[in-house]
Amino acid sequence: MDQVICLPGGSLASRHSAIPYRDRIISLIEDKSCTKIIIDLHATEIISGSFADECVGILVKIYGWDTVKSKIRLINGNGQADKSIAKAILDRKNEAKNMLFVA
């Protein structure tokens with residue numbers, strides 16, 4: 001079953017304010033009945049890199065790229081908001097890849 005999380009309107013700018021949304025996404029990832037997590041950005045104007053990383057990017061570190069890629073979808077973004085989240089996800093993916101080469 002798909003679950004929708006609507007991010008709030010306006011500008012989202014701090015790691016602290018991202019935590020409740022991240023925790024909700026985590027609970028849905030761990031819910032075996034949830035097949036997709038849809039993050040609706042229709043009201044969101046701007047997402048800072050720190051909010052995007054704390055809300056979604058960190059999930060790549062916790063669950064891995066494949067889980068994030070298969071479980072999470074972004075909809076109704078304005079271009080800027082979805083790019084911030086995509087960049088946070090890709091930064092964490094590249095960070096994990098680089099860790100393999102260092103170890």
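Among the residues of the stretch 50-100, the ones that are of a type in the set (G, A, S), loosely packed, with under 15 Cβ neighbours inside 10 Å and closer than 17 Å to C6 by Cα come to 1 in all.
The set of residues in the stretch 33-71 that are among the polar types (S, T, N, Q) and closer than 19 Å to P8 by Cβ comprises T44, S48, S50.
In the stretch 42-51 there is at least one residue matching the filter, namely being closer than 17 Å to I26 by Cβ, of a type outside the set (D, E), within 12 Å of the chain's Cα centre (by Cα) and modelled with pLDDT of 95 or more.
From the list S27, S48, S70, the lone residue that is free of Cβ contacts under 8 Å to residues at least 12 places away in the same chain and touching a strand residue (DSSP E or B) at 6+ places or on another chain (Cβ under 9 Å) is S70.
The values are calculated or read from the model by the stated rules, or taken from the named source; none is laboratory data. Note that the structure is predicted; figures quoted are calculated from it, not measured. Heads up, the Cβs are rebuilt from the backbone with ideal geometry, glycines too, and the neighbour counts pull from every protein chain shown.
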